Amino acid sequence: MFSRCCSKFPCPGGLQTNGERGLGIDASSYLALMKSVGDHGGVQVHAHAVKRGHDRDVYLRNAILSSYAKVGHLEDARRLFDEMPEKRTPADWNSMISGYWKWGLRERARELFNAMPGKNVISWTAMVAGSAKTGDLQGARKYFDEMPRRNVVSWNAMLSGYFQNGFQDEALKLFDEMVSSGFPPDDTTWVTVISSCTARGDASFATRLMERLGLDQEHIDLNYFVKTALLNMYAKCGNITKARWIFDDLGSRRSTVTWNAMISAYCKEGDLASARELFDMMPLLERDVVSWNSMICGYTQNGQSTLAIELFHQMVSVEAGVLMKPDEVTITSVLSACGHLGAMESGKWMVEYVNKHQIKLDLSGYNSMLFMYSRCGSMDEARRVFHKVMEVKDVVSYNTLITGLAAHGLGGEALQLLSEMKTRGIEPNRVTYIGVLTACSHAGLIEEGWRVFGSIREPAVDHYACMVDLLGRVGELKKAELLIREMPMEPHSGVYGSLLNACRIHRRVDLGEVAARKLFELEPHNSGNYVLLSNLYASVGSWGDVDRVRELMRGRGVKKTTALSWVEYNGRIHEFVAGDISHEQTNEIYRLLGDLETRMRRAGYMVDDSCSLRDVGQEEKEESVRVHSERLAICYALLVSEVGSAIRVVKNLRLCSDCHTAIKMISKLEGRKIIVRDNNRFHHFVEGKCSCNNYW
DNA sequence: GTAGGGTTAG
C-alpha cells in the first residue's frame, strides 16, 4: 500500500530535504504508524520514510531495521545496519543479532555479538535466548553465567530456555537461585515456573511456591498469561473444575490461547462434547491453527478417527469462512487417524495434500505417515518412507516400523531393524522389544525370540506376555506355563490372554480353562476373554460349554462387543456387522456370496457358512448362523473395486478360522490379493495362501 | 520514543 503510494505519487523534491516536517508527517508519527501496521507493514513504511529523509532518525531507522530482521529480510536489515556506522546505536546491533537468531543464523549472530562494542544487558540476553531457542542450552548457560549484569528478563530467558527444552527440574532449580539472589519474579517468571510444574505433573508444588512467595492464585491482579498457565496446570493435573473456574473468571480477557487450553483440557479428559461445545462457541476469528489442531487431536486420541478426518475437511473447506492453513501438527494427527481406521484412500489423499500444499513435515509427521502406511497394510510404502524419505529417525520411527512388520509377520526384517538401530546409536526401549518379540511370535522365530528376550536388561511384564505368546503359538505350552510360574512379577491379563489364545489355537481345553479362570478374576467385564474361551470350546465341538460361557456372560452382565468389518471405498468407510442387510448393495453382496460358496463347494472345499466358531456375543442361537461381517465386506469390495487391485478389510475382532479358510478360497477363486486386518494382525491372502502360516 | 523473556496442539 505504501510502496504503491510512493511510485504513483512521487514526493515533491522540496519536501524530501525538509526531513523534519515533510507533509506534516514526522518521525514519531512514522513510529506510531509502524506500531499499528506491524512488522510486515513496517517494511513498506521504509521506502516512504526514506523519501522524506526520515531515515536519518535513529529511532525510526531502528524500527525499520527491526521489522526487516523480524520478517526475515536479513540482507535488507544488514544494508541499513551497514549504511551509517556513525549513527549506529546499541539497539541496531541488538536488533540485528536477534534477527540472526530468529532465522537460525547462529554464527552470524555470534560474529556480530563478538564484534559489538559496548554490549549491554539486552545484547547478552539476546544471546542467552537465541542459544536456548536453538536447543543449545550449554551455550545459553555460558552467556548467562558470563554476563556482567543481569535483570529479570535475563533470568526469564534462561528459565524459559530450560523449560522449552524439557529441563523442568533445571528451570525450577534456577528459579530457586533467582529468588535467593534477590531477584523478584515477575509475571513472565511465574508463567515459566507454573508451566514447569505442569510438565512435571506437580500442581501442588506450584501452589506451594506461590503461597510461599505471597502470591495468591485467586488474586485479581494476575495477568491473563499467568492465569492461562494456571488453567493449563489444573487441566493437565486433572482438576478440570478449577481449570474451568479460571476460564470463566477470565471472561472477556480470554485469549485464543485460553480457549485452546480449555479445549484441550476437555479433550484430555475424554469429554469431547464439552470440548466441541467450546470450539463451536469460540469466535471464528479467534480460532487459530492450534484451536483446530487441539480439537482434531482430541478426536484422534479418543478413538474418534472419523470425526477427526471430518473436522479436517471442515478446516480446509471454503465454507468454514476463515481460511485456515493446516500445519505439520494437523497432518500428523489426521494421518494417525487414517492409520487407526486403516483408511488407505484417505491416507494417500492426505499425503497428496501435503505435497500439493508444500507442508513441511517434521519427524512426528513422518512417523505418523509410517504408521498410516503400515496400519493400512502397505509395508512397501512404509519401507520407502523409512529408508528413502526420512533423513532423521528416532526410536519412535523404528518402533513404528518394527510394530508394523510384526503385524505383517515379517519377523526377520524386524530383527534386522533392531540391530540396525543399535548400530546407529538409537537405544531400543520397552516398546521396541514388544514389537520385536511380537514379530518373532508371528513368524514362529522361537530361537531368535529367546535370544532377544535374554538381551533385555530388565524385562517388563509385557515382554513376558510376548514370550508366552511366542511359546504358546508354536505349541510349547509347557514352557509357556513354566515361564509364567517363574516370572519375577505378578502376571497381568495380557500374560493369561496369550496363554488362552495359544490354547485356542492348539485346542488345549484343560489349560485354557485355567487361563480363563484367571482372566475372569482379573477383568470380569472383558468380553474378549469369554469369546476366546467359547471359541476354544467350539473348536472341539463342546457346544454345551459354549452355551455355558454365554450364560456366564449374561449372568455377569458382560456387554457383547459387536464384530465390525469395514472397507474403504471412494473416500467412504463402509461398515458391516454379521448378517448385515442395511447396505445399499445388499442384494448384490449376497448374490455374490452365494455364488462364491457354490464355487468353493464345487472345488471340493467344505465351507461352513455358519462359522462353527460361534460368536458368543449373539443373543439368539439362530443369529449365530448369520454370515460373518468380513465376508460381507469382502464381497462388497469385490463388487466395487478395480480388478487387479488389492482388497483391504479391517475387522475389529478376531477373524474366525472358518472365515480364514473361506477368504483363502476367495483369494484363489477370484485371483485377488486380500488384506485383512484383525485387531493388530494382518493377513495377506494370495492365491489361496495366507501370510500368517500356522502361527495365527 | 528504539533492542532481550511468556501461555495452547501431535
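The values are calculated or read from the model by the stated rules, or taken from the named source; none is laboratory data. The model shown is predicted, which means the values in this text are computed figures rather than measured ones. Glycine gets a Cβ as well: all are built from the backbone with ideal geometry, and neighbour counts include every protein chain shown. Calculation scope for accessible area: heavy atoms of the full protein, side chains included, ligands and nucleic acids excluded. Shrake-Rupley method; radii C 1.70, N 1.55, O 1.52, S 1.80 Å.
Taking the criterion of being free of Cβ contacts under 8 Å to residues at least 40 places away in the same chain and either open to solvent by less than 20 Å² (accessible area, probe 1.4 Å) or within 20 Å of residue A:600 (Cβ to Cβ) (or both), the residues of the range A:679-688 that qualify are A:683, A:685, A:686, A:687, A:688.
Restricting the search to helices (runs of 4 or more DSSP H) fully inside the range A:314-400 and requiring at least 1 residues that are within 11 Å of DNA strand B (Cβ to nearest atom) and closer than 25 Å to residue A:302 by Cβ gives A:328-341, A:363-375. Take residue A:199 and decide whether it is of a type in the set (A, V, I, L, M), within 14 Å of DNA strand B (Cβ to nearest atom) and open to solvent by less than 40 Å² (accessible area, probe 1.4 Å). Here the answer is no, as residue A:199 does not meet what is asked.
The test for being of a type outside the set (Val, Ile, Thr), more than 30 Å from residue A:107 (Cα to Cα), at pLDDT below 95 and within 30 Å of the chain's Cα centre (by Cα) does not hold for residue A:183. Which of the residues belonging to the range A:392-402 are within 17 Å of the chain's Cα centre (by Cα) and surrounded by 23 or more Cβ atoms within 10 Å (Cβ to Cβ)? Once the filter is applied, which keeps residues that are within 17 Å of the chain's Cα centre (by Cα) and surrounded by 23 or more Cβ atoms within 10 Å (Cβ to Cβ), the range A:392-402 yields A:398, A:399, A:400, A:401. Inside the range A:544-564, residues that are of a type in the set (Ser, Thr, Tyr) and in contact with a Leu (Cβ under 7 Å, 6 or more places away or on another chain) make up a count of 1. The selection criterion, being assigned by TED's automatic domain parsing to the domain that holds residue A:444 and surrounded by fewer than 17 Cβ atoms within 10 Å (Cβ to Cβ), holds for residue A:525.
No other residue among A:421, A:390 is at pLDDT 95 or above and closer than 30 Å to residue A:567 by Cα apart from A:390. Checked against the criterion of being under 23 Å from residue A:176 (Cα atoms) and outside any helix (DSSP H, G or I), the candidates A:285, A:222, A:209, A:230 yield just one match: A:222. Residues in the range A:247-255: is at least one open to solvent by less than 50 Å² (accessible area, probe 1.4 Å), of a type in the set (A, V, I, L, M, F, W, C), out of contact with any Pro (no Cβ under 7 Å at 6 or more places or on another chain) and part of a helix (DSSP H, G or I)? The answer is yes, given that some residue of the range A:247-255 is open to solvent by less than 50 Å² (accessible area, probe 1.4 Å), of a type in the set (A, V, I, L, M, F, W, C), out of contact with any Pro (no Cβ under 7 Å at 6 or more places or on another chain) and part of a helix (DSSP H, G or I). Residue A:661 meets each of the listed conditions (1) at pLDDT 85 or above; (2) surrounded by fewer than 24 Cβ atoms within 10 Å (Cβ to Cβ); (3) β-branched (Val, Ile, Thr) apart from (1). Residues considered: A:300, A:306, A:258. Of these, the only one that is more than 19 Å from the chain's Cα centre (by Cα) and either more than 29 Å from residue A:372 (Cα to Cα) or assigned to a helix (DSSP H, G or I) (or both) is A:258.
Note on the range A:182-192: among residues that are at negative phi and not in a helix (DSSP H, G or I), the one that is least open to solvent (accessible area, probe 1.4 Å) is A:185. If the condition is being open to solvent by 30 Å² or more (accessible area, probe 1.4 Å) and not in a helix (DSSP H, G or I), then the range A:405-428 contributes A:410, A:424, A:425, A:426, A:427.
Scanning the range A:516-544 for residues that are in contact (Cβ under 8 Å) with a residue 24 or more places away in the chain, assigned to a helix (DSSP H, G or I) and more than 39 Å from the chain's Cα centre (by Cα) turns up A:537, A:538, A:539.
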